[in-house]
Amino acid sequence: MTAIIDYDAGNVRSVLNAMKSLGEEAVLTSDPEEILGADHVIIPGEGAFGMAMEKIRQRRLEEVILEVAASGTPFLGICIGQQLLFDASEESPGVKGLGILHGTCRKIKEGEGRKIPEIGWNDLSYPNPGRLFRGIPEHSFVYFVHSYYACPDDLSIVTAANEYGGTLTASVEKDNVFACQFHPEKSAEVGRKILSNFLEVSKC
């Protein structure tokens, strides 16, 4: 069973529907027992870094999320769910992230006619091997909606990148922790394959 963490964020039901379309038993929940008892856990969502962390803390989910990440259970962050895994974000100065991965989220650089947020399809390069991308050719296209991106201290965890005013972190992987800045649930067959690859990951 896959637990999708419910912390009152936008765009979480599309992930639930994507899981069910793959034949996976999935539940949208903020219940600690359901989350800790799941085979796989996902934290999706759209919105601002500070507000998302506030909602997580209001629902007393921070310790639950940290326990999941430390337990070896396959854990996936999507969109703001990737950014929340890091220490902080320029979007919300003074707000601490989950700190599961170390680094800061920074705003996409303006200029050259680029629109911010980046909205739409962009292709991926693979700086380091990643289990989410098995069977997916480099330069496959996925769907993005974001103004900020993660800048990890350890670049070896970056498994996919996209170009938008510079090279941006599109996906990371460290042990049982995975994350995507893009939306696999909105990325057609490539996204379905990414989610399927995640479901194939076993507990560490």
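The values are calculated or read from the model by the stated rules, or taken from the named source; none is laboratory data. Note that this is a predicted model, so its numbers are computed, not measured. Here the Cβ positions follow ideal geometry from the backbone for every residue, glycine too, while neighbour counts run over all protein chains shown. Ligands, DNA and RNA are excluded from the accessible area calculation, which covers all protein heavy atoms including side chains. Shrake-Rupley method; radii C 1.70, N 1.55, O 1.52, S 1.80 Å.
Couple of notes before you dig in:
- Scanning the range 1-15 for residues that are surrounded by 17 or more Cβ atoms within 10 Å (Cβ to Cβ) and either outside any helix (DSSP H, G or I) or out of contact with any helix residue (DSSP H, G or I) (no Cβ under 9 Å at 6 or more places or on another chain) (or both) gives THR2, ALA3, ILE4, ILE5, ASP6, TYR7, ALA9, ASN11, VAL12.
- As a summary of the residue check, ALA52 satisfies the conditions (1) at pLDDT 95 or above; (2) assigned to a helix (DSSP H, G or I); (3) surrounded by fewer than 15 Cβ atoms within 10 Å (Cβ to Cβ) except for the one numbered (3).
- Within the range 48-59, one or more residues are within 29 Å of HIS139 (Cα to Cα) and in contact (Cβ under 8 Å) with a residue 12 or more places away in the chain.
- Inter-residue pairs, beta-carbon under 9 Å, first in a strand (DSSP E or B) and in the range 110-122, second open to solvent by 100 Å² or more (accessible area, probe 1.4 Å), 6+ apart: TRP121/PHE141; ASN122/PHE141; ASN122/GLU163
- Residue count for the range 150-168, restricted to those that are touching a helix residue (DSSP H, G or I) at 6+ places or on another chain (Cβ under 9 Å) and touching a residue at least 60 places away in the same chain (Cβ under 8 Å): 1.
- If you filter the range 63-97 down to residues that are within 14 Å of the chain's Cα centre (by Cα), in a helix (DSSP H, G or I) and of a type in the set (Gly, Ala, Ser), you find that the one that is nearest to PRO32 (Cα to Cα) is ALA69.
- Considering only residues in the range 26-49 that are out of contact with any Gly (no Cβ under 9 Å at 6 or more places or on another chain) and assigned to a helix (DSSP H, G or I), the one that is surrounded by the most Cβ atoms within 10 Å (Cβ to Cβ) turns out to be ILE35.
- Condition met for CYS105 (farther than 22 Å from LEU199 by Cα and buried (at least 23 other Cβ atoms within 10 Å of the Cβ)): yes
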